[in-house]
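Asker: Below you'll find the structure I mean.
Laboratory data are not the source of any read-out in this text; all were calculated from the coordinates shown. As the structure is a computational prediction, the values presented were derived from the model and not from experiment. A quick note on method: Cβ atoms are made from the backbone with ideal geometry, for glycine too, and the neighbour counts reach across all protein chains shown.
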Amino acid sequence: MICCEKCFIDIEIKAVIKSLNQLGKCELCGKNNVYIYNTEINNELADMFDDLLNLYTASGDLPPDYPPENVNLLKHELCGRWNIFCIDADLAYRAITGICHEKYQEHPEIFDAPIGIMELNRKDYLEEHSIMKNYEWEDFVEGIKTKNRFHTDYINKEVLFSFCNDIQKNI
Ligand SMILES: [Zn+2]
């Protein structure tokens, strides 16, 4: 399967494909004379997706109290939650099963069945690792409007600090 740099929104992935320096026609989006990635030859992206795919558990192995609204198909997670592709979900499915063909053979359920992120159901994990702890954005908004404007407890400041550190740019 051949996909191309234009199939992706993610700048890191685009940079990897460009660095391979192969021009051709994309099988997925149909564009000509673009930087391509051929899954028969290239495997640079497989490792990059591995950590992301490892976050997921097939719905059959999720606990019974796992919220159904957090269960989704991988193709929708990749396009929606992670904003990785700029092709539609069915083409993204073709791309990801091609890029990660070894993992697809070992664990087809992650690609084909509904999946969820186990940690989204663990309050202690979210309290420690999520910027919003276990709160929703609306809770935060309501909190700074009506409870305590300047000393909110709705944010995990350590996680926020590390996030701001990661996204800072020197101009
Ligand atoms: Zn393309």
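Asker: For the chain, find the longest principal axis of its Cα atoms and tell me its angle to the long axis of helix 89-99, 0 to 90°, nearest 10.
Answerer: Here the helix axis deviates by roughly 70 degrees.
Asker: For the range 54-67, what does the Karplus curve 6.51 cos²θ - 1.76 cosθ + 1.60, with θ = phi - 60°, yield as ³J(HN,Hα) per residue in whole Hz, taken in order and with x for Gly and Pro?
Answerer: Result, rounded to whole Hz: 5, 5, 9, 10, 5, 4, x, 9, 7, x, x, 8, 5, x.
Asker: Quick one: grab the alpha carbon gyration tensor of the range 26-123, order the square roots of its eigenvalues as a ≥ b ≥ c, and give me rounded if a/c is under 1.5, else prolate or oblate depending on whether a/b is larger than b/c.
Answerer: prolate
Asker: While we're on this one: Once you've got the GNM for the chain with C-alpha springs shorter than 10 Å, pick whichever of L91, L126, L78 has the biggest mean-square fluctuation.
Answerer: Of L91, L126, L78, the Gaussian network model singles out L126 as fluctuating most.
Asker: Here's another thing I want to ask about it. If you plug each phi of the range 142-158 into the Karplus form 6.51 cos²θ - 1.76 cosθ + 1.60 with θ = phi - 60°, what whole-Hz ³J(HN,Hα) values come out, in order, with x for Gly and Pro?
Answerer: Calculated HN-Hα couplings, in order: 4, x, 6, 7, 10, 10, 9, 5, 9, 10, 6, 10, 8, 10, 7, 5, 5 Hz.
Asker: Here's a follow-up. Given a 10 angstrom Cα cut-off, can you work out which residue in H151, H101, H76 is the most mobile in a GNM of the chain?
Answerer: H151
Asker: Something else: Whole percent per 10 Å bin, from 0 to the bin with the longest distance: what is P(r) over all C-alpha pairs of the range 89-168?
Answerer: 15, 28, 22, 24, 9, 1
Asker: Counting other beta carbons within 10 Å of each residue's own, what order do K14, K169, K123 fall into, fewest first?
Answerer: Exposure proxy ranking, most exposed first: K169, K123, K14.
Asker: Additional query: Only Cα pairs within less than 10 Å get springs; with that Gaussian network setup on the chain, which residue of G24, G98, G143 has the largest fluctuation?
Answerer: Comparing G24, G98, G143 in a Gaussian network model of the chain, the most mobile one is G143.
Asker: What list of ³J(HN,Hα) couplings, whole Hz, do you get for the range 103-115 from phi and the Karplus terms 6.51, -1.76, 1.60, once you set θ to phi - 60° and write x for glycine and proline?
Answerer: Result, ordered by residue: 5, 5, 5, 6, 10, x, 4, 5, 8, 10, 9, x, 9 Hz.
Asker: Please list the equivalent ellipsoid semi-axes of the chain, computed as the square roots of five times the alpha-carbon gyration tensor eigenvalues, in descending order and whole angstrom.
Answerer: Whole-Å semi-axes of the equivalent ellipsoid: 35, 22, 13.
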